[in-house]
Amino acid sequence: MAADHSRAPVLEALVEYRRRGRLGFTPPGHKQARGADPAVREVLGDAVFLGDVLASGGLDDRLTRGRVLDRAEELMADAVHAEHTFFTTCGSSLSVKAAMLSVAGPHEKLLIGRDAHKSVVSGLILSGIEPVWVEPRWDAERRLAHPPSAEQFDQAFDIHPDAKGALVTSPTPYGTCAGLSAIARLCHRRSVPLIVDEAWGAHLPFHDDLPSWAMDAGADICVTSIHKMGSGLEQGSVFHLQGGLVPPQLLKMRADLLGTTSPSVLLYAGLDGWRRQMALHGHELMGAALDLAAEVRAAIEEIDGLHVNDRADFCGEGLADDLDPLPGVIDVEGLGITGFQAADWLREHRHMDMHLTDHRRIGAQITHADDRETTGQLLTALKALAQAAPDLPRAPRVNVPEPSELRLAQALLPRDAFFGATEDVALAEAAGRVTAEMITPYPPGIPAVLPGERLTEPVLRYLRTGLDAGMNLPDPTDRKLKTIRVVAAGEDLAK
């Protein structure tokens, strides 16, 4: 029987909850807004509290006999061509960890693109999985990493035939995509699963002019953040599953290890509503967003000093396999300023926030929520930025290493380095030591340094000059980077 995508089980159950006037002697303690602080109610509105009910023993009965969540997940799976879907309310940072734990265990190998998000590294620390890093495709001219190729994964499997599977990030925060079909095929020739961290790809299934998405490409597990490019609330995430290499009961069990026992029905409602919106209107909405993005990209190209990176920049031999145009990555190097300066100026002078920043780029993300009014404001702000740029102070130069200097040798497993004996050393004395912490320019959140890697002078210089230029480094113990936490002397011998 065809799925009825006009239905939204979570939203309908919330309506029914209110219609019946249910009275709960359960958490949450605000009791349908009645106990919430008046000032909080004024700012947030009562609708937030009215939607904040228990998932079981509230939205559904104590044994979930109404199958409210199950039905919502089944509809989501149908909408995106997956066999199974699981909702989570702890973001894709949790989902990707659950996916990793479903494929490999302590001291087992997992092939991972080194451009992975910090949540993947956290998963390695918690699980004790041994990473086999697959190098991204590096654009030396633009100092930018793209997802590894299928050939690179194939070579890594040849060297590590005992690897339990592979994990690739696609799209990246810059919108560049891997050749997922080819990677999935080579994984399946070895009877191991492919995990795709597709946190930035919630919209991909809903228009043919967008890059192929993980389930259609044959991946086994896909992790998607509905809040990034979709209409879900922050922390709303799903993971999708297909094929027989990872049993759904196993994936759910691993997720239960990490997930909350108090999931937010508000987030469930956002996920459910997004699925209905896209199943009924997704092609139209995504088509309009693509048309609008094309107009905006062309208009930005007319602003002196600005360039929107396109397929000619990011795709081709040795680069990415495909590009999502909606992230709108703008190179500001022609203005003589950094992306950090551009983002700070736009926030201060035009009350406008960019979705990523680095030493030469900002990201102006376009979604189905934008229109000519919002993009008109963006274009006006960018023109003003171009006019203001000559008067901005010259930012310190960020010393971005060459590709050969950027990658650090893995001396210890991330888990062993993170939980072992440590000490703090001055930055000037850190070269040659094995780090015991992550150091991650954020956004986009791809660690430059992982626990267990041996530090080198070029990478330390990159971080120091980046910090001086405005880079955000939220991870290290000393955020000013005067010291770095390293494995204690005598315990950092390479394995």
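Side notes on the structure shown:
- One residue stands out among those in segment 301-336 that are within 24 Å of GLY466 (Cα to Cα) and out of contact with any Lys or Arg (no Cβ under 8 Å at 6 or more places or on another chain): the one that is surrounded by the fewest Cβ atoms within 10 Å (Cβ to Cβ), which is GLY334.
- Just so you know, in segment 184-204 the residues that are under 17 Å from the mean Cα position of the chain (by Cα) and in contact (Cβ under 8 Å) with a residue 40 or more places away in the chain include one that is surrounded by the most Cβ atoms within 10 Å (Cβ to Cβ), and it is ASP197.
Table: residues versus (1) of a type in the set (Ser, Thr, Tyr); (2) at positive phi; (3) at pLDDT 95 or above; (4) assigned to a loop (DSSP other than H, G, I, E, B).
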position	(1), (2), (3), (4)
HIS359	no, no, no, yes
ALA369	no, no, yes, yes
ARG394	no, no, no, yes
GLU405	no, no, no, no
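- Taking the criterion of being closer than 17 Å to LEU267 by Cα and surrounded by 13 or more Cβ atoms within 10 Å (Cβ to Cβ), the residues of segment 8-26 that qualify are ALA8, PRO9, VAL10, LEU11, GLU12, ALA13, LEU14, TYR17.
- In segment 445-483, the residues that are touching a helix residue (DSSP H, G or I) at 6+ places or on another chain (Cβ under 6 Å) and of a type in the set (Val, Ile, Thr): none
- Filtering ALA182, ALA156, ALA202 for residues that are small (Gly, Ala, Ser), part of a loop (DSSP other than H, G, I, E, B) and modelled with pLDDT of 95 or more leaves a single hit, ALA202.
- Of the residues making up segment 1-22, those that are part of a loop (DSSP other than H, G, I, E, B) and not small (Gly, Ala, Ser) are MET1, ASP4, HIS5, ARG7, ARG20, ARG22.
- When segment 56-77 is filtered for residues that are surrounded by 20 or more Cβ atoms within 10 Å (Cβ to Cβ) and within 19 Å of GLY29 (Cβ to Cβ), only LEU59 remains.
- Within segment 138-151, the set of residues being within 23 Å of VAL449 (Cβ to Cβ) and either modelled with pLDDT under 95 or more than 22 Å from the chain's Cα centre (by Cα) (or both) comprises TRP138, ASP139, ALA140, ARG142, ARG143, LEU144, ALA145.
- Answer from ALA288, ALA293 - the residue that is in the same structural domain as GLN377 (by TED's automatic domain parsing), buried (at least 21 other Cβ atoms within 10 Å of the Cβ), out of contact with any Phe, Trp or Tyr (no Cβ under 6 Å at 6 or more places or on another chain) and within 24 Å of GLN377 (Cβ to Cβ): ALA293
- Residue check for THR422: closer than 21 Å to SER127 by Cβ and among the hydroxyl-bearing types (Ser, Thr, Tyr): yes
- Matching residues in segment 88-109 - criterion: being surrounded by fewer than 20 Cβ atoms within 10 Å (Cβ to Cβ) and β-branched (Val, Ile, Thr): none
- The combined condition, being buried (at least 20 other Cβ atoms within 10 Å of the Cβ), among the β-branched types (Val, Ile, Thr) and under 24 Å from GLY420 (Cβ atoms), is fulfilled by ILE112.
- Residues being touching a residue at least 60 places away in the same chain (Cβ under 8 Å) and more than 23 Å from ARG114 (Cβ to Cβ) - total across segment 423-443: 3
- Members of segment 53-72 found to be in contact with a Ser or Thr (Cβ under 7 Å, 6 or more places away or on another chain) and either in contact (Cβ under 8 Å) with a residue 40 or more places away in the chain or part of a loop (DSSP other than H, G, I, E, B) (or both), listed by number: LEU54, GLY57, GLY58, ARG62, THR64
- Count - residues of segment 311-338 that are assigned to a loop (DSSP other than H, G, I, E, B), out of contact with any Asp or Glu (no Cβ under 9 Å at 6 or more places or on another chain) and not aliphatic (A, V, I, L, M): 7
- Candidates PHE25, PHE86, PHE49, filtered to the one that is touching a residue at least 12 places away in the same chain (Cβ under 8 Å) and outside any helix (DSSP H, G or I): PHE86
Listed here are the residues, each with its yes/no results for (1) within 17 Å of GLY175 (Cβ to Cβ); (2) under 21 Å from the mean Cα position of the chain (by Cα).
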{"position": "GLY270", "(1), (2)": "no, yes"}
{"position": "LEU292", "(1), (2)": "yes, no"}
{"position": "ALA312", "(1), (2)": "yes, no"}
{"position": "PRO327", "(1), (2)": "yes, yes"}
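- Near pairs, Cβ below 9 angstrom, 6+ apart or cross-chain, from segment 327-348 (assigned by TED's automatic domain parsing to the domain that holds GLY470) to any residue that is at pLDDT 95 or above and buried (at least 24 other Cβ atoms within 10 Å of the Cβ): none
- Condition met for VAL48 (in contact with a helix residue (DSSP H, G or I) (Cβ under 8 Å, 6 or more places away or on another chain) and buried (at least 20 other Cβ atoms within 10 Å of the Cβ)): no
- Qualifying residue in segment 429-439 (condition: touching a strand residue (DSSP E or B) at 6+ places or on another chain (Cβ under 7 Å), charged (D, E, K, R) and either modelled with pLDDT of 90 or more or crowded, with 18+ Cβ neighbours inside 10 Å (or both)): yes
The values are calculated or read from the model by the stated rules, or taken from the named source; none is laboratory data. From a predicted model like this one, the values you see are computed outputs, not experimental measurements. Neighbour counts are summed over all protein chains in view; Cβ atoms, including those assigned to glycine, are modelled from backbone coordinates with ideal geometry.
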